[in-house]
Amino acid sequence: MLSQGPVGHDLTVAFASGSLNNAETHYTTSEKELLAVVWATKYFRPYLYGRRFKTVSDHKPLVWVMNVKDPRSRLLRWRIQLAEYDYEITHRRVSQNTNVDALSRIGSVSKEDDLSDEYDEDRKKKILYEFHDSPVGGHTGVNKTCRAIKSQYSWPNMRREVEEYVEQCRSCQVHKMLTPKHKAPMEITTTAEHTFDKCYLDIVSPLPVTQGNNKYILTFQDDLSKYVVAVPIGHQDAETVARAFVANILLKYGTLCIIQTDQGANFVTKVFRNTCKMLKINKIQSTAFHPESQGSIERSHRVLAEYLRHYVNEDQTNWDEWVPLFTPFELLFGCPSVLPSASKKPPEPQYK
Ligand SMILES: [Zn+2]
């Protein structure tokens, strides 16, 4: 048992147990005890190596093991193995070693007691109800229910009974959607080598008209960094879109090599095409057969919507105030933005 704190008031960190092999059963008691110490220090090495720890045993002669001089003995060999640790062996009477004692007798307990008596059908039903149907259970699936029960109870064929129970659960049948597991075939797609080499443009529409007369969001995403820019706009005609694109993206982040859009009317018009031509941007379109090539930007719309949902007012007419705040700052600048609370200097008072 690995525990922390002063002996007698220590708190358990982890339990471990192993069994002796045939040869080891013939060892003397001292040898068995020290073997256990060697085994346990190896097992808990990540916690013990490099720090001082106490080995508490109910076997008193173990304290004297440090004085063994016989070079042929196993005890000396093991002591040398333990030399890389900074430890101290102390003795404690059996009655004080209660936590470990219970553990070391687990094997004999389960053989002596007849578990089937303790877990009659009624008791099992109660446990299953508690771990599956109750609000704490939350109608979890077989694996989770099983794991939760196992943390406190165990009986033979438990898993099979849990499977049957969950399968027959009425509430699960009614409320759970069956989600077939899809595995999309892996496809090699090309990703830009530099930020702002290739970008996506899209429009989220239509949204409730805001007090600032905005109804759409022009979204822009960089293919490599997935950096997103969202711009609230009032109309989605080609001219407005082109203007917003130039003002909010090109003038801030520089010109782009390739820009990909869907087949939305605002992007295929002459105005938008000419704007791109003028700026020497290669404009490409996702085809109707492969709309998934726009998948990443479409996915970012969901994140944006989830974000806005936390902050908009009840009639949802102020979403455009929150859009500019949606910035994946770290993606582009490589470090998290410093928030006011982390700023060391308080603002200076101004006297006028
Ligand atoms: Zn259920």
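Bear in mind these aren't lab numbers, they're just calculated from the coordinates by the rules spelled out. This structure is a prediction, so every number in the text was calculated from the model and none was measured. Here the Cβ positions follow ideal geometry from the backbone for every residue, glycine too, while neighbour counts run over all protein chains shown.
Computed from backbone phi, the HN-Hα couplings of region 48-56 come to 9, 4, x, 9, 7, 9, 10, 9, 9 Hz, rounded to whole numbers (Karplus: 6.51 cos²θ - 1.76 cosθ + 1.60, θ = phi - 60°; Gly and Pro given as x). Shown for 64, 78: other C-beta atoms within 10 Å of each C-beta, ranked fewest to most, produce the order 64, 78. Pairs from the table (215/280; 150/226; 144/226; 60/150; 226/280) lying more than 31 angstrom apart at Cα are 150/226; 144/226; 60/150. Listed by chain and number, the aspartates and glutamates whose C-alpha is less than 17 Å from the C-alpha of residue 69, apart from same-chain residues fewer than 8 away, are 31. Exposure proxy ranking for 257, 276, 199, based on other Cβ atoms within 10 angstrom of each Cβ and starting from the fewest, stands as 257, 276, 199. To the nearest 0.05, what FRET efficiency results for residue 58 and residue 152 with a Förster distance of 41 Å applied to their C-beta separation? In this case the efficiency is close to 0.90. Counting every other Cβ atom within 10 Å of each residue's Cβ, 57, 134, 17 order from fewest to most as 134, 17, 57.
For region 1-68, the relative contact order works out to 23 percent when only alpha carbon pairs closer than 8 Å and six or more residues apart are counted. Couplings 3J(HN,Hα) of region 153-169, computed from phi: 10, 7, 8, x, 6, 4, 4, 5, 5, 5, 4, 4, 5, 5, 4, 8, 5 Hz, in residue order, whole Hz [Karplus 6.51 cos²θ - 1.76 cosθ + 1.60, θ = phi - 60°; x for Gly and Pro].
Based on Cα atoms of region 4-51, Rg over Rh with Rh as the Kirkwood radius reads 1.04. For region 1-89, trypsin sites (Lys or Arg not before Pro) meeting the loop criterion (DSSP other than H, G, I, E, B) and having at most 15 other Cβ atoms within 10 Å: 51, 69, 72. For residue 59, the residues whose modelled amide H falls within less than 5 Å of its own, excluding neighbours fewer than 5 places apart on the same chain, are 92. Evaluated on region 198-333, the Kirkwood hydrodynamic radius is 15.3 Å, with distances taken between all distinct Cα atoms.
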